[in-house]
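Q: Below are the structure tokens for one structure; questions will follow.
The values are calculated or read from the model by the stated rules, or taken from the named source; none is laboratory data. This structure is a prediction, so every number in the text was calculated from the model and none was measured. Quick reminder, even Gly has a Cβ in these numbers, built from the backbone with ideal geometry, and neighbours come from all protein chains shown. Keep in mind that these areas ignore ligands, DNA and RNA; they rest on the heavy atoms of the full protein, side chains included. Shrake-Rupley method; radii C 1.70, N 1.55, O 1.52, S 1.80 Å.
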Amino acid sequence: MLTTNAIHDPQTRQTIVRLLSSMGSAKEINQYLKRFSQLDAARFAIVKVGGAVLRDDLDALVSSLAFLQDVGLTPIVIHGAGPQLDAELSAAGIVKQTIEGLRVTSPEALAIVRRVFHAQNLKLVEALQASDARATSIVSGVFEADYLDRERFGLVGEVKRVDLAPIQASLQAGSIPVIASLGETVGGQILNVNADFAANELVQVLQPYKIVFLTGTGGLLDADGKVIDSINLSTEYDHLMQQPWIEGGMRVKIEQIKDLLDGLPLASSVSITRPAELAKELFTHKGSGTLVRRGERVMEADSWDAFDLPRLRGLIESAFGRKLLPDYFETTKLHHAYVSENYRAAVILTREDAGIYLDKFAVLDDAQGEGLGRAVWQVMRDANPRLFWRSRHGNPVNPFYYAESDGCIKQEKWKVFWYGLSAMDEIARCIAYCASHAATLKDAA
């Protein structure tokens, strides 16, 4: 288990929640702290740091990593040094040559590769130690490698085996392992290993809960240059890859992330964010950056018979914290339901005289922050161009509803939302229905 009890100490925990309170609710922060604290230290997170972040954003990186250690979580850090290496090789008069995105490495270049990686590794370790964080420099002994293709790439390695002993020793000492992506052959020859490939091999062996890529852009960007907040690969991958703005490096990155997550437990996820936003990404539902999960297939049907009703009841009651009426499924005439395959999120629609009505949108606590609810909602929305629904005042989902709706009317007990409706008489019928429709969830005792 974790090597420090800080996360379990009530006073420390209250301090942490207070520090993070500007980012999200105390409930969700405590939820993530509890979830992370139950993981074995080696399975919490692998953080991949690019050389540009070490060069341009070292202070924010150190602050975020030190904060994680303060709350009792020890990330495993692996870094590259591309920009620094480019500069040093250029200064030495060595022309950069790449094949298929990999740097060709001559014996002369390897000497500089080793020097630069050692220097960048120590730079980060010393900066962490100066911030009272415990960190261990690991520049060898982790990646056993063989020549990728000596004739084409020179001294470039392909990882054949990962030795976890140096990492485990660091974690057991409560120290952040800071790993350089250098490999060694069985015979002791140092080889240059692409940092992304090295990180991928480490991920496959450790099977971590979180994989974090720290970048300057703070996430994957859409056609308008805005950060995509979440991607559920099960429902969105094919559509996403058909978009004309997904090209070049971004296409490769999404393909790599999918390959990575296909080999990991369903609970694992990839986050792409800025160093300064790391805590917000990890500890709040909204996050900051792009969260990518393998996700869950969305089942859909127009008959209750297609679903496991006890599981569906459990999902709804857990999400709302209230009991459904005993005869809900018998008396509710289903139009269409969309349910994630593990019964962690659901959208239930009924057909009323006023139109298609959103009767329930339920997402389990442990699925919030994954983008699963949004993914199920999007599948529903794509198939239903016109919809209306109501929500209680104070419902924390209301900001999402405002963003998704074309309009909202406030009633005494409810907010009435709709999209795809424009005729005033249609909207009036929807408002009247919401005012008179009996509640199907019992109020908490």
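Q: Just add up the charged neighbours of ARG294: K/R +1, D/E -1, any other residue whose Cβ is under 12 Å from the Cβ of ARG294.
A: -3
Q: Tell me the Kirkwood hydrodynamic radius of the chain in angstroms, computed as one over the mean inverse distance between distinct C-alpha pairs.
A: For the chain, the Kirkwood estimate is 24.2 Å.
Q: For the range 74-118, which GluC sites (Glu not before Pro) are in a loop by DSSP, counting at most 12 other Cβ atoms within 10 Å?
A: Loop-located and lightly packed - GLU100.
Q: What net charge is computed for the residues neighbouring GLN69, neighbours being all others with C-beta under 10 Å from the C-beta of GLN69, Lys and Arg scored +1, Asp and Glu -1?
A: Local net charge: -1.
Q: While we're here: Of all DSSP beta bridges located in the range 70-226, what percent are antiparallel, nearest 5?
A: Taking every DSSP beta bridge within the range 70-226, about 50 percent pair in antiparallel fashion.
Q: Set the Förster radius R0 to 35 Å, insert the Cβ-Cβ distance between ARG251 and ASP366 as r into 1/(1 + (r/R0)^6), and round the FRET efficiency to 0.05.
A: 0.65
Q: Kindly report, to the nearest 10 Å², the accessible surface of HIS336 as traced by a 1.4 Å probe over protein heavy atoms only.
A: We get 40 Å² for HIS336.
Q: Are there chymotrypsin sites (Phe, Trp or Tyr not before Pro) in the range 355-445 that DSSP marks as loop and that have at most 15 other Cβ atoms within 10 Å, and which are they?
A: The qualifying sites: there are none.
Q: Then there is this: Kindly express, to the nearest 10 degrees and within the range 0 to 90, the angle between helix 58-70's C-alpha long axis and the longest C-alpha principal axis of the chain.
A: For 58-70 against the chain, the angle is about 70 degrees.
Q: Still on this structure, I have one more. Assuming a ≥ b ≥ c are the square roots of the Cα gyration tensor eigenvalues, decide whether the range 390-445 counts as rounded (a/c under 1.5), prolate (otherwise, with a/b larger than b/c) or oblate.
A: Oblate, since a/c reaches 1.5 and b/c is not below a/b.
Q: While we're here: Round to the nearest 10 and report in Å² the accessible area of GLU370, as given by a 1.4 Å probe over the protein chains' heavy atoms.
A: The accessible area of GLU370 comes to roughly 20 Å².
Q: Pick out, from SER422, THR440, GLN411, the residue whose Cα sits farthest towards the positive end of the charge dipole of the range 401-445, with +1 on the Cβ of Lys and Arg and -1 on the Cβ of Asp and Glu.
A: Positive-end residue among those listed: THR440.
Q: Given Cβ point charges of +1 (Lys, Arg) and -1 (Asp, Glu) and nothing else, what value in debye, to the nearest 20, does the dipole of the chain about its Cα centre take?
A: That gives a dipole near 1000 debye.
Q: Same structure, new question: Size of the dipole of the range 138-229 about the Cα centre, Lys and Arg at +1 and Asp and Glu at -1 on the beta carbon, nothing else charged, in debye to 20?
A: 200 debye
Q: Also: Run the numbers for VAL397 and ALA306: contour at 0.36 nm per residue of separation, minus the present Cα-Cα distance, in nm.
A: Extra length available between VAL397 and ALA306 comes to 30.0 nm.
Q: Counting only the heavy atoms of the protein chains, how much of MET299 is accessible to a 1.4 Å probe, in Å² to the nearest 10?
A: My reading of the accessible area for MET299 is about 40 Å².
Q: If you average 1/r over every pair of different alpha-carbon atoms in the range 114-161 and take one over that average, what Kirkwood value in Å do you get?
A: Answer for the range 114-161: a Kirkwood hydrodynamic radius of 12.7 Å.
Q: Quick one: compute the contact order of the chain, relative version, from alpha carbon pairs under 8 angstrom and 6+ residues apart, as a percent.
A: 12 percent
Q: Turning to a different aspect of this structure: If you take the beta carbon distance between ARG381 and ALA130 as r and set R0 to 45 Å, what does 1/(1 + (r/R0)^6) give as a FRET efficiency, to the nearest 0.05?
A: 0.35
Q: For the range 326-445, what class follows from the C-alpha gyration tensor (a ≥ b ≥ c being the square roots of its eigenvalues): rounded when a/c is under 1.5, otherwise prolate if a/b is larger than b/c, else oblate?
A: Since a/c stays below 1.5, the shape of the range 326-445 is classed as rounded.
Q: What is the range 130-261 by shape, rounded, prolate or oblate, if you read a ≥ b ≥ c off the alpha carbon gyration tensor as root eigenvalues and call it rounded for a/c under 1.5, prolate for a/b larger than b/c, and oblate otherwise?
A: oblate
Q: Listed here are the pairs LYS360/LYS413; LYS258/LYS360; LYS323/LYS410; LYS280/LYS415; which of them are more than 22 Å apart at the Cα?
A: Pairs exceeding the cut-off: LYS258/LYS360; LYS323/LYS410; LYS280/LYS415.
Q: While we're here: With every protein chain kept in place and ligands, DNA and RNA left out, what is the accessible area per residue of the chain? Probe 1.4 Å, answer in Å².
A: Ligands and nucleic acids excluded, the result is 45 Å² per residue.
Q: Let me ask something else about it. Place a +1 charge on the Cβ of each Lys and Arg in the range 158-280 and a -1 charge on the Cβ of each Asp and Glu, then give the dipole magnitude about the Cα centre in debye, rounded to the nearest 20.
A: It works out to roughly 340 debye.
Q: Continuing with the same structure: Using amide H atoms built 1.01 Å from N in the peptide plane, name the residues 5+ places from ALA135, or on other chains, whose amide H lies under 5 Å from its own.
A: ILE176
Q: Can you give the Rg/Rh ratio of the range 193-239, where Rg is from the C-alpha atoms and Rh is the Kirkwood radius?
A: Over the Cα atoms of the range 193-239, Rg/Rh equals 1.03.
Q: Can you give me the angle between helix 248-262 and the longest principal axis of the chain, using Cα atoms only, in degrees from 0 to 90, rounded to the nearest 10?
A: It is inclined by approximately 80 degrees.
Q: Right, something else. In the range 155-196, whose amide N lies under 15 Å from the spot 7 Å out along Cα-to-Cβ of SER106? List them in ranges.
A: Counting only backbone N, you get 155-156.
Q: Measure nothing but the geometry: give the 0 to 90° angle between the long axis through the Cα atoms of 107-130 and the longest principal axis through the Cα atoms of the chain, rounded to 10°.
A: The helix 107-130 is inclined about 60 degrees to the chain.
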